[in-house]
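Below is one structure; the comments refer to it alone.
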Amino acid sequence: MWKLLIFLLLLVEFSWQTEMISRYNDELCDRQLALFSESLATPREEWAVRMFDYWAKIQSGLTAGNTANFGHYDECIRFLHDTRNENVGHIQGQYCLINHRSTETRNDTDWNENFDWREVGLYVRSLNVGLRSGICIPATCSPSKAVDFANNFLISADLIATGASCDIKDRYSFNGLDVFAIVLLSFFLIVVAASTIYEIYASKNSKSPSKLLSSFSFYKNGYELFEVQKDKSPSSINSMHGVRALSVLWVVMGHRRFFHLIFALTNANEVNNWLENIRTVIFQTDHLAVDTFFVMGGLLVVLSFIRDLEKKRASIWRMYLRRYIRYTPLLAIIILFQVTLLKFVVSGPSFDWEGNARNCQTNWWAALLHIQNYLDFTKMCIGHSWYLSADFQLFLVSPLFIFGIWKLGRKLLWMLPLIAVITVVYIFLMAFFYEVPVFYLKLTPETSEIFHRFIYFPTHARMGPWFIGMTTGYLIYRNRIEKYKLPKIFFTIMWIVALSTIFAVILGFYPFMQMNNNTTTVFQNAFYLATFRNAFACGVAWIIFGCENGTGGIIRWFLSWPHWQPISRMGLSAYLIHPIYQTIVIFGQNQPIHFDEITFLHAYSGDILVVLILSAVLYLTFEAPFANIENYFSKRKSNQS
């Protein structure tokens, strides 16, 4: 099956290129454009006026940041006109989103005293922004032809087109890879149905169902997913369910904010005012949730591996296999959906399926091997899956440290926080010498390259919270054995310090958010970038440790609330699927969305509901079944040995 998938993935680029070659015809395009231009002149013909009506016109509020005007996408791609001319033929509408900017130079002496449309270009140049406008042209024209034709109209406004992305009705047809995706997904649904029916039948007949044959059962997996109860096991950490669930919801909110601002804004001044307001720092610091995942990952791997070491059943290779199986099948399914069926689900003026799919077509193997965070960050397959790569790489090296501290205890424990300190020094030096700002909207192309390639994505820059989590995991392990007798005042002070640190990290982001009143220095930017993730991780680590020791009061009660458990269990599915859903919703918009907090919170509320439903389906269909199969064969092998 995997060989077939690889073969089909290698063929998909050829099918794209064949489709493009067959669609574009420069000579026919020129004749159709010439007829279109003539038909707009006197006497104007109805079909040409209608086609031009679907164009975006120069919008109001341009100087306030209203930079996107999509025109009428749906009507354009539905447009069809029979010219009754053999040399021209049928004209099918093609929607092209034109990127344009002001011209580099102008001659002031050519301008009249009265208002000239070229004033628009002057305003755009003063704002230093790019514009996006939709036009409707014949489907035989290539994007380069679209740019050339658009310049005939934009020059009167002192604007110049720089690029175009085009779309037509029914642009994509089913290919071999699409059929394979449908067959594979249908196969899984059939297996799930059969497994569920088998388990129900066996249970009704008072028979014990086979654990292997019931691995895909919705009944079994659904009961385990939605079961909520107070776990009284001494080895459980109930507060981590709440920490993980809240982190997932925080990430979903952050990506909604990112997509909403970057791809759907209508008034940049309102957006800037919102971004610079202190009440929005919680929306701007959602990326800290990933560091929470790292803390929990490092903590759990220590407790799990030490438990296996003590029971003399530790197997590094089995542990690696279990981790790989936990992540990879679900990720592979989402990659397959991205490169196949997604194009039939969403269409819109700013949706670039080919760009996203081509990244997966090129680097799918790196995503499935969990190494893509060290490749070109602009060509990642399922961009947010970089976290899985970093997490898996840290998981691979963890047993070496865990075995050492299990044998030598505190004599070697100091190495874990030392590694976290080393990451602080590394990030500070990179950020200071390359003058990397904290706020992503202030990144230039040069500093963006440094930030993403050397600070944000690489594992060696993000491993601090993981090793802080490992340190916490070992302290929890020793505490369960020795039962630290610490005074209450110590816990009180540490809770104050931990919560203060978390609030300081979040609120400390505020000065760096100011776009027009920047008072931060290079040193301050570098210091914050170097320390804020580890500082936040320390605060989260203490919350988990403090709750484990029975302190924390209402915080411990809230985080240990049993109803967090379902969200926590399907956290991986929610993390992987939510940007795909948000892409479908936002890029399916045919007009820019007016940005305000009410609209944002309303959209985010809908995200939570739909993402949790989709996550439950993915968890029950792929994540839980593969974990059941791996667990079945692991136990069988252990019993045989």
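Descriptive notes on the structure:
- Computed lengthening from residue 617 to residue 345, 0.36 nm per intervening residue step minus Cα-Cα distance: 96.1 nm
- A viscosity of 1.567 mPa s and a temperature of 4 °C, combined with the Kirkwood radius over Cα pairs in Stokes-Einstein, give a translational diffusion coefficient for the range 161-223 of 87 µm²/s.
- Compactness relative to 2.2 N^0.38 Å, alpha carbon Rg of the range 449-512: 1.56
- For the range 274-401, the direction-averaged projected area of the alpha-carbon convex hull comes to 10.9 nm².
- Each of (1) 28.3, 94; (2) 26.0, 85; (3) 35.3, 125 is a candidate for Rg and Dmax of the Cα atoms in Å; the one calculated from this structure is (1).
- Simple label model, 7 Å out from Cα along Cβ direction - residue 58 to residue 483, nm: 8.0
- Area of residue 426 that stays accessible when all protein chains are in place (1.4 Å probe, Å², to 10): 60
- Residue-averaged [θ]222 nm for the chain, counting only DSSP H segments that reach four residues, each worth -39500 (n - 2.57): -20500 deg cm²/dmol
- Solitary cysteines of the chain, where the nearest other Cys Cβ is not under 4.7 Å: 538, 547
- The calculated Kirkwood hydrodynamic radius for the range 371-431 is 13.8 Å, given to one decimal from all distinct C-alpha pairs.
- On the beta carbon distance between residue 189 and residue 278, with R0 = 51 Å, the FRET formula returns roughly 0.60.
- Cα centroid separation, the range 463-535 to the range 400-456 (Å): 14
- Residue 308 contributes about 30 Å² of solvent-accessible surface, heavy atoms of the protein only, 1.4 Å probe.
- For the range 448-563, diffusion coefficient by Stokes-Einstein and Kirkwood Rh (Cα), 20 °C, 1.002 mPa s, µm²/s: 131
- Rounded to the nearest 10 degrees, the inclination of helix 2-23 to the longest alpha-carbon principal axis of the chain is 10 degrees.
- For the range 373-499, the ratio of Cα radius of gyration to the globular rule of thumb 2.2 N^0.38 Å stands at 1.31.
- Folded to 0 to 90 degrees: helix 239-263 orientation relative to the chain principal axis, Cα: 10
- Surface share of carbon and sulfur [accessible, 1.4 angstrom probe, percent] for the chain: 62
- Cβ-Cβ FRET estimate between residue 493 and residue 635, R0 fixed at 41 Å, reported to 0.05: 0.35
- Excluding ligands, DNA and RNA, the accessible surface per residue across the range 357-447 is 47 Å² with a 1.4 Å probe.
- Under the simplified labelling scheme, the residue 374-residue 205 pair shows an inter-label distance of 5.3 nm, with each label point 7 Å from Cα along Cα→Cβ.
- Dimensions of the range 411-468 along the principal axes, based on C-alpha atoms and rounded to the nearest Å, stand at 45, 18, 15, largest first.
- Compared with the dominant principal axis of the Cα atoms in the chain, helix 522-548 is inclined by about 40°.
- Among 464-473, 504-513, 621-630, the peptide with the highest mean count of other Cβ atoms within 10 Å heads the list, and the full ranking is 464-473, 621-630, 504-513.
- Taken over the range 540-641, the convex hull of the Cα atoms encloses 167 Å³ per residue.
- A simple spin-label model places pseudo-atoms 7 Å from Cα toward Cβ; at residue 421 and residue 174 they are separated by 6.2 nm.
- Modelled FRET efficiency - R0 22 Å, residue 594 with residue 518, Cβ distances, 0.05 increments: 0.20
The values are calculated or read from the model by the stated rules, or taken from the named source; none is laboratory data. All of these numbers come straight from a predicted model, not from anything done at the bench. All Cβ positions, glycine included, derive from the backbone under ideal geometry; neighbour counts span all protein chains shown. Side chains included, ligands, DNA and RNA excluded: accessible areas come from the protein's heavy atoms. Shrake-Rupley method; radii C 1.70, N 1.55, O 1.52, S 1.80 Å.
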